[in-house]
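So the structure is just underneath, and the comments pick up after that.
The values are calculated or read from the model by the stated rules, or taken from the named source; none is laboratory data. Given the structure is predicted, the values throughout are model-derived calculations rather than measurements. A quick note on method: Cβ atoms are made from the backbone with ideal geometry, for glycine too, and the neighbour counts reach across all protein chains shown. Surface areas here come from the heavy atoms of the whole protein model, side chains and all, with no ligands, DNA or RNA. Shrake-Rupley method; radii C 1.70, N 1.55, O 1.52, S 1.80 Å.
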Amino acid sequence: MQVDFAFLDSGLGGLPYLSYLRDKAPFARCVYLADTKHFPYGEKTAGQIIACAEEAVRLVIKRWRPRAIVVACNTISVTALDVLRRRFPNTPFIGTVPAIKPAAFLSKIKKIGVLATNATIHHPYTQQLIDQFAHGCEVVFRADPELIDFIERRAFNASEAEKNTAIEPALNFFRSAGCDSIVLACTHFLNIADEIKAMAG
Ligand code: DGL
């Protein structure tokens with residue numbers, strides 16, 4: 001069987017991307033691979049992330065021969081996109097890297113927050129994005145594996161109050177740091193972006 005697009009994430013982080021594509025291209029044939037066996041990617045070493053992503057991509061290509069693969073995961077994109085493109089040269093990869101550039105553009109006081117996984121925050125690629133696109137900005141980082149785990153396991157059933165409680169520590173952190181824009185640099189957060197926006201004001 002051949003599909004048009006395969007989506008890859010460690011869990012449900014890529015679902016908002018899949019649903020966006022289905023709005024734009026309702027007839028595209030898609031598969032979605034959530035590598036929950038290896039969740040969370042964000043707490044792994046770069047070598048482990050590359051190995052897991054490579055295994056997942058190999059399986060996807062073998063079973064579904066996608067015309068393109070959307071790496072709907074910031075952690076895999078910053079860590080493994082180059083390697084995947086080299087190892088699978090016949091498959092186009094579309095990555096999702098932290099939205100540092102628009103955040104730097106939107107920030108009035110040039111102080112931006114980056115909410116991500118540990119792996120993304122500590123990867124040199126993220127610093128390269130900052131050097132390239134957020135020159136002159138102060139950047140404050142927060143890794144939040146607890147919030148990511150909450151989203152993966154609970155977000156679809158949780159009440160608004162439970163979601164707000166889970167989001168609050170991150171928002172308090174960025175508020176007290178004085179940031180006026182926050183990059184949701186892990187695709188899991190897109191599943192609760194409305195709640196984050198409403199609370200952040
Ligand atoms: N959704 C992934 C990302 O965008 C991370 C989740 C995980 O830690 O596995 O970085």
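Step by step: first the residues of segment 5-52, then only those that are touching a helix residue (DSSP H, G or I) at 6+ places or on another chain (Cβ under 9 Å) and of a type in the set (Asp, Glu), then the one that is least open to solvent (accessible area, probe 1.4 Å). Which residue is that? Ranking the candidates gives 9 first. Consider only pairs whose beta carbons are under 7 Å apart and that are at least six residues apart or on different chains; among these, list those whose first residue lies in segment 66-92 and is without any contact (Cβ under 8 Å) to a residue 40 or more places away in the chain and whose second residue is open to solvent by 20 Å² or more (accessible area, probe 1.4 Å) and in a loop (DSSP other than H, G, I, E, B). Between residues of segment 66-92 that are without any contact (Cβ under 8 Å) to a residue 40 or more places away in the chain and residues that are open to solvent by 20 Å² or more (accessible area, probe 1.4 Å) and in a loop (DSSP other than H, G, I, E, B), the close pairs are 77/97. Residue pairs whose Cβ atoms lie under 9 Å apart, sitting 6 or more positions apart in sequence or on different chains, and linking a residue in segment 175-201 that is closer than 17 Å to residue 163 by Cβ and open to solvent by 40 Å² or more (accessible area, probe 1.4 Å) to a partner that is hydroxyl-bearing (Ser, Thr, Tyr) and within 12 Å of the ligand (Cβ to nearest atom), are 190/17.
Of the residues examined, residue 33 is not one that is more than 10 Å from the ligand (Cβ to nearest atom) and under 14 Å from the mean Cα position of the chain (by Cα). Restricting attention to segment 151-166, the residues that are in a helix (DSSP H, G or I), out of contact with any His (no Cβ under 9 Å at 6 or more places or on another chain) and within 16 Å of the ligand (Cβ to nearest atom) add up to 3.
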